[in-house]
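Chemist: Have a look at the structure that comes next, please.
The values are calculated or read from the model by the stated rules, or taken from the named source; none is laboratory data. Quick caveat, the model's predicted, so the values are computed rather than measured. In this analysis, Cβ positions are derived from the backbone assuming ideal geometry, glycine residues included, and neighbour counts consider all displayed protein chains. When the accessible area is computed, the model is the full protein with side chains, heavy atoms only, and any ligands, DNA or RNA have been set aside. Shrake-Rupley method; radii C 1.70, N 1.55, O 1.52, S 1.80 Å.
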Amino acid sequence: MEQPFSSSKVTVEYFDPHDVYKLLAPGLIPRLPLRDLHWQSHAGPLRSINTLHVELVPAGTDSSSAAAAVASPLTSPNPKLATLQRVDSAPSRDDGFQTASIGGRVGASEQSESAGQTLRPPGAGKERRHQIPGLRRTPYLKVLLVRCDDNDTYKSTTRSEIREWIKTNTPPAQGKVVSNAENHDAFEWLILHVVIPNTVAATQPRFAGAKAPDSSTDITKSSATSRWRGGSSTLLDKLRSDFNGSGKSAVDRIRQIRIGINDVPYDLLPRVVPAVPTGYSETEQDSENAWADLIGKFKELILSSFDTRVTQYEEDIKEKDAQRGLPGWNFCTFFILKEGLARGFESVGLVEDALVGYDELSVGLDAIIQEQAIAGSAEAHGGALLQYTEELKALAQKALDQISRGKLEFVDEEAVDLQSNERTQADNFDDIPVSSTKKPYRELILANNVSLFDFRCYIFARQISLLLRLGNAWSTREELLAKLREQQELVPRGVAPRAPPPKPTDESENLAQLAEICRRALEFVPAVSSLISKDIIAAMTSMENNDGSENAHHHKSVDSVLLEVTDNIVASFAFSVAQQILAQTSTKALPIPPSTLAPPDGHEPKAAIPEPKTMMHPARHSSLHTQPAVRPPPSPNVFPGGRMGFPDETANAQYIKNGLEELAARRAQLYTLSRNILEEGGKKRGWSDGWSSVPIVGESGLAEMEDISLDDEATDAKPVPETESSIQASVAGVDNMLLRTALDHKDDFYRLYETLTDKALRHYTVANYTNSVEANMADLAVLKFHLCEYGEAAFYFYRTIPYFGESGWSLLELSTLVMYARCLKELRRLDDYANKALRQLLTKVAAAEKDRFQQKSLVRVGPKSKIQFPEASAISGFLADLLTVSASLDKEVRIPLASFFCDVELEGTPVYDDGQDSFSLRLRLRSLLVDEFEAPVISLRLVSPATGGSKEIWLQTKAPVTLKPGRNKVQLHSTVMMAGDYEADQIRLSSSNVLLHYERDPGLPPDKLLDILKSPRVTLYQRANSFDVRLVGTRDVRLDKNNTLDLELLTGWNAVTSCEVKIRSATGGLRLLMSEATVPGPTKPSKRADGGSFSFGPIPVESSVAVRFPYTVEQDVVNVAVKVEVTYSTEKGSFTFYKTSSVPIALALGVNVQDVFKHNALFSRFTVSTVSASPLRLFKSELQGSEIFDSHFGVPPGAPVLVFQKQPAGLLYKITRKPGSILGPKTKKTMYLKIYYNIVQEEIEALFEQTLRQDLDGTPLRDYTKLVVSEALVRLQSGLSGYDLEKAAILGELETKFLADVDWEKRFPGLGPAIATGASKDSSDENDGNSIAAKLAAFMRSWLHRHPKIVVPAPDAVTAQPKSILIPVDVPPVTVVHTADIRFQKPLQSVTGNADDDDTGHPTFCINQLIPATLHLQWTRIWDTAGTESKAGKGAGARAEDLEFSYELSAQSDTWLLGGRRKGHFVIPAVATANGGRGGLTSTPDTEADIPLMLIPLREGWLSYPAIEVREVKAGGGGGGVDGDEDIKGGGHGHCETDCRNLGETVLVVAERKKVTLSLDASGLGGGPLVLECERAGLGGRVVV
């Protein structure tokens, strides 16, 4: 078990008859202390002792008295002074830091006497061992220092002297039985031969043999052996032979150390050098090995002695403990015995084992006291202890005398020597109250002459002493350094030590052990305080009983004066113990942050009082200078959260170690204990810490408490003596100078109170005890407020107020807020006064009032616990202060509405005003303030979550409102109308410069933690006669121009006097061309339109005004939306109307065209289809001609044509060029296709709207016509499928059963009760059957029942007003249109006769028949309309050029064999005239080509004509008629078309057989029929097969 660096110490006694210790010490002392010792425990694992200090004492000196004579290093840092002190009276006082000394007086029998210069130690025969082991401190090892220079001296005198010393000082021989008493003081012995230079012994080798006799050592024989006396033995061999045992287990007790010639002073060096040289010399390694062997032998022998002692002690303790139940067993004797074992452990550094022993003794003492209390007999259970302590009795008498007579008077009239050094220890409680050397405790315990108080103090002092060593406290290290310096001082001057002095290991302190000291002190102080009280009362009671019977009746009850004195003594002792422990556990390892106490008036900080080890006498000033903590700037409107921050040094990684937080917490508790003691003393003098004067804001429902005596006998109430006040103000019995000084003067009291609180706060900060930090900071704040130091008080209040709120101390938080507000008001910090103090105070008051309301509303089962709430009278008036102060501030004071109000809800649904476009909402809210709140304006905002909050409506009160404590209802009005679903997201109450606000995110569910607007949804609708805006798309669509939108303003019941319309785009990419807007109709704008704004004058009731404006879109969209804001005035006021209207602009139909060019005409086929699921009604169409082209149409249909999604309509037009038309630069060539149509779905929607309006007109639900129609149309659009629409278009009727499953009641939310018109009508629950939603749902169900089908009549083509679309049609320009025709030459021999006479219309030929034909090519340029535009006026030059083309005939290889010119070129001549007449644009017989061909069919069947391909070749590529494989490229002058006249025509090819004879049997090849004979056509012969 590892032990920390400590000052463990054992005694080694040396007998130096030859005065050689001064030569040995320079080499021995630097090699001390002993290190790395290992001892096998009898009842545990191997114990390791890192460091064991050895105290070398000369023989004949009592180690106990010698140790006691050495003063503490705190009082006598010079070790030389310790040896000069007298050891004749009382022992030196142990101040709690020295743990190795033994307390107690030195008896006469134990004092050493001087001895002569013989080997017998002084007083060796006169020393007597005490019968109780453990009372003496005896050496663990006795060392005899021998100087023997030669063999003759050894034989003559030295050997006999050694034998005499062994006989006198060592245990008996092995065969003799050793007593148990001797084993308690067991020791080992060692003979150390010190060899001086220039002697015969120095010339001898260490061993005569080959190696050392003790093989366990590391000493080897020198290389240089004696050549002259090889056969004789050395002095070391003789010593080993004479005094070591002969058995195998014999211990080697002989060691030799040779002193170097440079280590001996000149006056001590022998002058005669031996005449016989040996040639032997000691090397440095040999010397070092000898010293190592000596140190190792020290370890071995000391541990052997220690093991023997421990064994004997354990056996004796076990025996004594077994006798506990026998008569005469005494705990004090048992205590001394067991403490001897503990001190043995302590002496060798096993401090933890020693501490366990003292803990067991403490528990044993508690058990004995408890047994004695139960049995009522002390003698039968461990022996009786003294009833009281004489020192406490004397101290109490002295204090009583100070109060009564002013001088000390003892009962026994014994004279007291005030000049004696043996003063009563009770007078020195102020110094070190708990110390094991304060009194001869061990002698008193052994004599059963000890009180329980002394017993407790002694055990606690020993425990603290051991814990300090375990904690490696600074006190034990100072003691060690003093001992080391003392040993170094003993080294003779001028002698250099052989080894440098070892430096003590700089190990850090064990903070966990120091924290354990503080913990035990916190348990010790309350326990010993009660002992002191009982002790003093017992002492005074025994004294009064000795006075006689005449005074017995007077002292039946304890006198109040004695109680006061007892309290003072207890307080002084407890305070002194706390300060002592704080001093002993002080360490630099605690990163204590700087003080928060600011220096008043720039003087020294109050926290600069030094640490408790120098606080025994308070000083007015300190030489230390502590920088005050820099205060962070206050944050606006909020209190800081968490605990107070400190500089970054406190978080340094070097301070993060085990036990740091625990030590800081325990020390903080000791500071708190000291402060509590001081606080109790101040209360007796009327000095308050401020808490008694804290404003009380709670209910005063508890009566005043009164002290009641718990004595069995009833005592009559006695009047308070006149001296009561003087008794309470007395400091008699307070011996602690720091506490006494603080209680003498009020300023000192508060100064010390602040200092202790601040130190506790800073220690709690390091310990991370947040609650304690805040509590101490609150104490400082209240104290500063009590002392009228408002600046400092505000500083602390600002940081500690949040703690009370978070911890549930609501009333205390209110009290601190009241004080904080007063501080800020006194400091004239109005901004903080309003935003921090008053705002926070009123918020907390409102929260308490809310809790009160909730407690009343709860249903409790069982007994109700009384909860205190603030009184209204204690916190009234702060609201007025807030409003008054805020008026003088520059910034607005913003406070959340939930801080002052709760149960904020919208009551009912919107109430609409009759005859005007306005509505109102009723807001219900509960005020949590104790005062009335005057609100000039209360506002509520409604936003539409569907639009992301872009739509908003503000409602506000018409006049100032006074909100009283409790429930309030406020009517909010708005003249803005915008239909839709809304949510209330903002509420604002403003008064003076204070704004109460509530905000929430629209679209999110309400916060369940807040009771504000849990149902924020509001639905607004337009009534039938209200102002409205309708956006309509144009019915005549032109694809070549910008289309327009029509915005209609419908006044309804409003007689508008003035109106301003603002139109804005609500679709991305939509651009409204307001500069081109027009206002059709008689009503014109009153002033010129500007940027989408139009102003109109008076507009009568039930009239409309339309505004038409074109628009453009950047990309194709289905619908476009327009935002309209209309501000209009009537005789009833000014109103605002907002509406975002959407209209579809996507084309309802699609048109595709297919062109077929002919020589003189162009055939265009237009396919009309619907782009939606709804069918179209196509009324008529027309293709409007241009300046060049004209159109021709067949017979139009007699009724509208239905166009379905999968059944489009086709329109075929023939386009010809107008005769005599001339193509010029400005010639209009575009034709226009105009189609008149209707959408079936729009027809159905119009029928629904018309039917619903007719059925609602004249009913009480007429005002909801717009709402019902809009909702029905939405359901219609989403419920109708394409199949339903097609069915309705074909059958002419539509079933309405698809609307039967709609829950209509949910489609009309927020409409309120059935009677909801008029501002004076109240609203009720809308969930009952009389609500508007229920009536509208009933109407829809009845309407569906009356109209199971809606007839969709076919519109009349004459009376109908269909929509139209005008589509520009451009004739595609074609440069040349070629016409290719393959003509067979006539007459043509065919199988059926002449080809021209074929009845079937198809010529018939035979296989391999030679068929002559002609390829006829003609062309035209009348469709070349792009020449002027594409060539930019150079069309005439382009037409003047010849165009060269190539042709090629091609056919499949198995169908036709082509002969003749299959490929060739031909040239189209340029236009002859500049103006391009008719003759120049079309081919003539002169410019047409006829190319002869020869066609041979190769297979039977219907064969199509060979394909003809005509392509343009580049200019100059060759003349026409030249055959070759020249490169043929596409036309360079534009597009050309080829009209193949033979396309779609076929030729029938048959075999050349006229008659065939077959055999029908299976005689043919493969079992088939056999051809017998065939007759060829045209050959006239027969062929037999």
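Chemist: Check Ser304 against each of (1) open to solvent by 40 Å² or more (accessible area, probe 1.4 Å); (2) out of contact with any strand residue (DSSP E or B) (no Cβ under 8 Å at 6 or more places or on another chain); (3) modelled with pLDDT of 85 or more; (4) not hydrophobic (A, V, I, L, M, F, W, C) and name the one condition it does not meet.
Modeler: Checking Ser304 against (1) open to solvent by 40 Å² or more (accessible area, probe 1.4 Å); (2) out of contact with any strand residue (DSSP E or B) (no Cβ under 8 Å at 6 or more places or on another chain); (3) modelled with pLDDT of 85 or more; (4) not hydrophobic (A, V, I, L, M, F, W, C), the one that fails is (2).
Condition check ((1) at pLDDT 85 or above; (2) farther than 20 Å from Phe306 by Cβ; (3) open to solvent by 30 Å² or more (accessible area, probe 1.4 Å)) across all residues:
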site: Ser7; (1), (2), (3): no, no, no
site: Val12; (1), (2), (3): yes, no, no
site: Asp19; (1), (2), (3): yes, yes, yes
site: Leu32; (1), (2), (3): yes, no, no
site: Gln40; (1), (2), (3): no, no, yes
site: Ser48; (1), (2), (3): yes, no, no
site: Val57; (1), (2), (3): yes, no, no
site: Thr75; (1), (2), (3): no, yes, yes
site: Lys80; (1), (2), (3): no, yes, yes
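Chemist: Name, by its number, the condition in (1) without any contact (Cβ under 8 Å) to a residue 60 or more places away in the chain; (2) closer than 27 Å to Ser1281 by Cα; (3) open to solvent by 80 Å² or more (accessible area, probe 1.4 Å) that does not hold for Glu1245.
Modeler: (3)
Chemist: If Gly980 satisfies every condition in (1) closer than 26 Å to Val1143 by Cα; (2) within 44 Å of the chain's Cα centre (by Cα); (3) touching a residue at least 60 places away in the same chain (Cβ under 8 Å) but one, which is the exception?
Modeler: (3)
Chemist: Taking Thr757 as the residue in question, decide whether it is at pLDDT 90 or above and touching an Asp or Glu at 6+ places or on another chain (Cβ under 7 Å).
Modeler: yes
Chemist: A further question follows. Enumerate the pairs (first residue in the range 1280-1301 and at positive phi and touching a residue at least 40 places away in the same chain (Cβ under 8 Å); second residue anywhere and open to solvent by 20 Å² or more (accessible area, probe 1.4 Å) and in a strand (DSSP E or B)) with beta-carbon separation below 7 Å, excluding pairs fewer than 6 apart on the same chain, so at least 6 apart or on different chains.
Modeler: Gly1292/Val1351
Chemist: With the range 1501-1540 as the region, which strands (runs of 3 or more DSSP E) entirely inside it contain at least 1 residues that are at pLDDT 50 or above and polar (S, T, N, Q)?
Modeler: Fully inside the range 1501-1540 and qualifying: 1501-1504, 1536-1540.
Chemist: One residue is enough: does the range 325-337 have a residue meeting the conditions open to solvent by less than 40 Å² (accessible area, probe 1.4 Å), at pLDDT below 85 and either under 16 Å from Phe187 (Cα atoms) or not in a helix (DSSP H, G or I) (or both)?
Modeler: Yes, the range 325-337 contains a residue that is open to solvent by less than 40 Å² (accessible area, probe 1.4 Å), at pLDDT below 85 and either under 16 Å from Phe187 (Cα atoms) or not in a helix (DSSP H, G or I) (or both).
Chemist: Also: In the range 1126-1137, which residues are surrounded by fewer than 19 Cβ atoms within 10 Å (Cβ to Cβ) and outside any loop (DSSP other than H, G, I, E, B)?
Modeler: Hits for the range 1126-1137 are Thr1127, Ser1129, Gly1133, Ser1134, Thr1136.
Chemist: Picking from Asp744, Asp758, Asp735, which residue would you name as being touching a residue at least 24 places away in the same chain (Cβ under 8 Å), open to solvent by 10 Å² or more (accessible area, probe 1.4 Å) and of a type in the set (Asp, Glu)?
Modeler: Only one candidate passes the filter, namely Asp735.
Residues checked against (1) more than 26 Å from Arg926 (Cα to Cα); (2) hydrophobic (A, V, I, L, M, F, W, C); (3) outside any helix (DSSP H, G or I); (4) without any contact (Cβ under 8 Å) to a residue 40 or more places away in the chain:
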position	(1), (2), (3), (4)
Ile801	yes, yes, no, no
Glu813	no, no, no, yes
Cys823	yes, yes, no, yes
Ala834	no, yes, no, no
Arg839	no, no, no, no
Ala846	no, yes, no, no
Lys850	no, no, no, no
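Chemist: Being touching a residue at least 40 places away in the same chain (Cβ under 8 Å), open to solvent by 10 Å² or more (accessible area, probe 1.4 Å), among the charged types (D, E, K, R) and farther than 25 Å from Glu523 by Cβ is the requirement here; does Asp316 meet it?
Modeler: yes
Chemist: Let me ask something additional. Gln728 versus (1) on the phi < 0 side of the Ramachandran plot; (2) surrounded by fewer than 21 Cβ atoms within 10 Å (Cβ to Cβ); (3) at pLDDT 85 or above: which is the lone unmet condition?
Modeler: Unmet for Gln728, out of (1) on the phi < 0 side of the Ramachandran plot; (2) surrounded by fewer than 21 Cβ atoms within 10 Å (Cβ to Cβ); (3) at pLDDT 85 or above: (3).
Chemist: Shifting gears a bit: Mind checking which pairs have a first residue in the range 1080-1093 that is over 15 Å from Asp1046 (Cα atoms) and of a type in the set (A, V, I, L, M, F, W, C) and a second that is modelled with pLDDT of 80 or more and open to solvent by less than 40 Å² (accessible area, probe 1.4 Å), Cβ under 9 Å, 6 or more apart or different chains?
Modeler: Within 9 Å, the pairs are Ala1089/Met1074; Ala1089/Ala1077; Ala1089/Val1079; Ala1089/Ser1095; Ala1089/Val1107.
Chemist: Still on this model: Any idea how many residues of the range 1155-1179 are open to solvent by 50 Å² or more (accessible area, probe 1.4 Å) and part of a strand (DSSP E or B)?
Modeler: Total meeting the criteria: 4.
Chemist: Going by the structure shown, is Ser1075 in a helix (DSSP H, G or I) and either open to solvent by 20 Å² or more (accessible area, probe 1.4 Å) or more than 30 Å from Leu1311 (Cβ to Cβ) (or both)?
Modeler: Considered against the rule, which asks whether it is in a helix (DSSP H, G or I) and either open to solvent by 20 Å² or more (accessible area, probe 1.4 Å) or more than 30 Å from Leu1311 (Cβ to Cβ) (or both), Ser1075 comes out as yes.
Chemist: Right, something else. With respect to Phe804, is the statement that it is under 30 Å from Ser730 (Cβ atoms) and surrounded by fewer than 22 Cβ atoms within 10 Å (Cβ to Cβ) true?
Modeler: no
Chemist: Out of everything in the range 241-287 that is loosely packed, with under 13 Cβ neighbours inside 10 Å and modelled with pLDDT of 80 or more, what residue ends up being nearest to Ile162 (Cα to Cα)?
Modeler: Looking at the filtered set, the residue picked out is Ser241.
Chemist: Under the condition of being touching a residue at least 60 places away in the same chain (Cβ under 8 Å) and more than 25 Å from Gln1361 (Cβ to Cβ), which residue from the range 1261-1273 is most open to solvent (accessible area, probe 1.4 Å)?
Modeler: Arg1262
Chemist: Do any residues in the range 900-920 that are in a loop (DSSP other than H, G, I, E, B) and open to solvent by 10 Å² or more (accessible area, probe 1.4 Å) have Cβ atoms under 6 Å from those of residues that are modelled with pLDDT under 90 and aliphatic (A, V, I, L, M), where the two are at least six apart or on different chains, and which pairs are they?
Modeler: Asp913/Ala1319
Chemist: Could you list, in sequence order, the residues of the range 943-974 that are of a type in the set (Lys, Arg) and in a strand (DSSP E or B)?
Modeler: Hits for the range 943-974 are Arg967, Lys969.
Chemist: Further question: Within the range 990-1037, considering only strands (runs of 3 or more DSSP E) that don't extend past its boundaries, which have at least 2 residues that are within 26 Å of Pro910 (Cα to Cα) and among the aliphatic types (A, V, I, L, M)?
Modeler: The qualifying strands (runs of 3 or more DSSP E) are 994-999, 1017-1020.
Chemist: Still on this model: Residues to consider are Asp1046, Asp1036; find the one that is touching a residue at least 40 places away in the same chain (Cβ under 8 Å) and surrounded by fewer than 16 Cβ atoms within 10 Å (Cβ to Cβ).
Modeler: Within the list Asp1046, Asp1036, the selection yields Asp1036.
Chemist: Which one of Leu1202, Leu1233, Leu1212, Leu1276 is modelled with pLDDT under 90 and either buried (at least 17 other Cβ atoms within 10 Å of the Cβ) or in a strand (DSSP E or B) (or both)?
Modeler: Result: Leu1276 is the single residue among Leu1202, Leu1233, Leu1212, Leu1276 that is modelled with pLDDT under 90 and either buried (at least 17 other Cβ atoms within 10 Å of the Cβ) or in a strand (DSSP E or B) (or both).
Chemist: If you don't mind, another one. Kindly indicate whether Gln1154 is of a type in the set (S, T, N, Q), without any contact (Cβ under 8 Å) to a residue 40 or more places away in the chain and farther than 20 Å from Glu1242 by Cα.
Modeler: So Gln1154 fits the description; yes.
Chemist: How many residues are crowded, with 17+ Cβ neighbours inside 10 Å and under 29 Å from Phe187 (Cα atoms) when one looks only at the range 144-158?
Modeler: Going through the range 144-158 one residue at a time, the tally reaches 8.
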